Amino acid sequence: MASMAAAGSQGSALERYFKFAENGTTLARDTMAGVTTFVVMSYIIFLNPTILSFSGVKGLEGKGLPFDGVLTSTCLVAAVATIAMGLYTNRAYALAPGLGINAIVAFQLVATEGLSFPAAMGLIIVEGIAVTVLVLTGLREQVMRAIPLELKKAIAIGIGFFIAFIGLYDAGIVVRGTGTPLELGRFTTWPIFVTLFGIVLTIALRARGFRGDLLIGIVATTILATIVNESTSHAGFTSGARGPDHVVEHPDFSLLGNFNSTPSRSSVCCRRSSGRSRSSSPTSSTRWARSSASARPPAI
């Protein structure tokens, strides 16, 4: 009885603070929405370290940031920012490092301009301060209001298509073409089968109005991919789709606070010849996901 009373008191406290009824939702619904949002955006946990560590980029291997350190920082920043957003504003917005600016840091500022990673992150700190000033002065809101609603929707749709393209490319549905930028892959491989299974399942659940369709689709697809990868010696998955080596591991906090405002040159780039700086082409940033994109997965 005491535990029931405590649970009721906790529920009422959460209700008073977050005002679920006033916002037309419930604790259970918001919890499901939060889990779904986390799973949908969790790709950044692994994508951000992949970009900033130059994983799979020929000529830059081992010259980026440590994968585990970036992963820990990504999770910590996303957690603190999202919790602060919820507690301070009562807005159901999840925040995390943005896909795009990480590529600018890695391939433009470091690999091309030759800045060190701490110096590049110092510029990001300056950018954050500038944005904060714009927010506090109301100028950012004025700019956002000046952007037409159709353009805002188009930007969101474009980002969605970009993320979908990454998924289709990693699954092998589209591959690098010979003579053309892209061409269809072989539809007889395990990764494509798992991808189509996830797409069909999610669309079917959405068509039936099932709540949590995205979450169920992602979890079911992950389970199927793991089973296929663990039971088949040549499934064709380039990464992931396997059981973890360690359930619990100590996070790497070595990168926290590692920035400076003094421009310093990095050894990543900066080999000069005939008076011109030569470095890895920025266009190679599109190849970080798979170092051997032309390799086709084995057939089922």
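Quick note: the coordinates plus some simple rules give every number you see, no bench work behind them. Just so you know, these numbers come straight off a predicted model, no measurement behind them. All Cβ positions, even for glycine, are placed from backbone atoms using ideal geometry, and neighbour counts span all protein chains on display.
Structure summary
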read-out: J(HN,Hα) series, the stretch 29-35, from Karplus relation 6.51 cos²θ - 1.76 cosθ + 1.60, nearest Hz, glycine and proline x; value: 5, 5, 5, 4, 5, x, 5
read-out: For the stretch 140-188: rounded, prolate or oblate by the Cα gyration tensor [a/c cutoff 1.5]; value: prolate
read-out: Rounded to whole Hz, the Karplus (6.51, -1.76, 1.60) HN-Hα couplings of the stretch 12-22, x for glycine and proline; value: 5, 5, 5, 5, 5, 6, 9, 6, 4, 4, 5
read-out: Cα gyration tensor category, rounded, prolate or oblate, for the stretch 65-146 with a/c compared to 1.5; value: oblate
read-out: Segment ALA28-LEU149, extension gain: residue separation times 0.36 nm, minus the distance between their alpha carbons; value: 40.4 nm
read-out: Cα-projected label distance for THR89 with ARG206, points at 7 Å along beta-carbon direction, nm; value: 2.5
read-out: Peptides ranked, highest mean first, by Cβ atoms within 10 Å: ranges 36-44, 127-135; value: 36-44, 127-135
read-out: The stretch 113-156 shape via C-alpha gyration tensor axes, a/c threshold 1.5; value: oblate
read-out: Integer Hz, Karplus 6.51/-1.76/1.60 couplings in order for the stretch 126-137, x for Gly and Pro; value: 4, 4, x, 5, 4, 5, 4, 4, 4, 5, 5, 8
read-out: Amide H within-cut-off set for LEU182, under 5 Å, with H built and near neighbours excluded; value: GLY177
read-out: Nearest-20 debye value, the stretch 121-245 charge dipole, Cβ charges on Lys, Arg, Asp, Glu; value: 360
read-out: Long-range HN-HN contacts of THR189 with modeled amide H, under 5 Å; value: ILE300
